[in-house]
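The values are calculated or read from the model by the stated rules, or taken from the named source; none is laboratory data. Keep in mind the model is a prediction, meaning the values are calculated, not measured. Note: ideal-geometry Cβ built from the backbone for every residue, glycine included; neighbour counts use all protein chains shown. Just so you know, the surface numbers come from the protein's heavy atoms only, side chains and all, with ligands and any DNA or RNA stripped out. Shrake-Rupley method; radii C 1.70, N 1.55, O 1.52, S 1.80 Å.
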Amino acid sequence: MINLILFGPPGSGKGTQAAGLVVKYDLLHISTGDLFRYEIGNNTPLGQKAKSYMDKGELVPDEVTVGMLRNKVEANPNVKGYILDGFPRTIPQSEALDALMSDMGQSISKLIMLDVPDEELVQRLLNRGKTSGRSDDMDETIIRNRINVYTENTTPVFDYYAKQGKSAKVWGIGSLDTIFERLCLEVDFVKG
Ligand code: B4P
């Protein structure tokens, strides 16, 4: 199995690029952001809880996020691998993920980070906010808070997997096809 973490700041292109990677490598795409938006759309108790954090650009608490991820993984055991988009975002989430993988006799193959400067992120997200209907994309203060949360809480996840020799960085500026090719080089390197 290939189990990938697609990593990077909000607006770096994770969701965009994951769509192509799942097709090419036949992986199951798990986006915690999409899972939360589905719960919010259905007005479930989990969705109501997540919304209060997402609207401010904060992270949803680890116990809620980890439980949801575990349910999704355990519901889909017969796949060729996973591409995790937007998870893990904290060290406790990384530890929980490694434990879950280990329970399944699996491990994370690689974390690939999309590297994009902050000002480009803000412009991309404000642009998306014009059409996405996502309230967390419409307000520059909330977008900058998301970037700050990423810098403080999420970047340590890169180092956590670097210590396992699994982290790689890809330049996330350029055409969608060019960036996709850079990502595929990293994935093919794992596949050997
Ligand atoms: P996410 O849904 O993960 O959203 P995101 O970080 O904004 O990235 P996304 O993948 O959607 O965007 P992309 O970069 O592809 O998270 C939303 C919120 O959910 C979080 O703030 C948090 O509250 C909560 N949450 C999610 N996971 C959590 C977790 N594990 N723990 C706790 N809380 C969690 O694309 C952005 C835009 O850029 C698009 O418009 C795209 O078209 C454009 N773009 C992409 N590539 C481009 C390129 N090469 N050039 C120009 N534009 C490009």
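Listed values for the range 112-118 are Karplus-derived 3J(HN,Hα) couplings in whole Hz (6.51 cos²θ - 1.76 cosθ + 1.60, θ = phi - 60°), namely 10, 9, 8, 9, 9, x, 4, and x replaces Gly and Pro.
Applying a DSSP loop filter and a limit of 15 other Cβ atoms within 10 Å to the trypsin sites (Lys or Arg not before Pro) in the range 81-175 leaves Arg134, Lys163.
At a 1.4 Å probe, what is the % contribution of carbon and sulfur to the accessible area of the chain? Solvent-exposed carbon and sulfur of the chain make up 51 percent of the total. Assuming 1.306 mPa s and 10 °C, estimate D for the range 52-192 with Stokes-Einstein, Rh taken as the Kirkwood radius over Cα pairs, in µm²/s. Rounded, D is 95 µm²/s.
Put simply, the Cα atoms of the range 1-132 extend 42, 33, 26 Å along their principal axes, the longest span coming first.
Against the empirical curve 2.2 N^0.38 Å, the C-alpha radius of gyration of the range 1-58 lands at a ratio of 1.30.
What value, in deg cm²/dmol to 500, does the helix sum -39500 (n - 2.57) over DSSP H runs of n ≥ 4 give at 222 nm once divided by the residues of the chain? Value at 222 nm, helices only: -17500 deg cm²/dmol. For the chain, the solvent-accessible area works out to 49 Å² per residue, with a probe of 1.4 Å and every protein chain left in place. Note on Lys80: lysines with a C-alpha under 21 Å away, same-chain residues under 8 apart excluded, are Lys14, Lys24, Lys72, Lys110, Lys166, Lys191.
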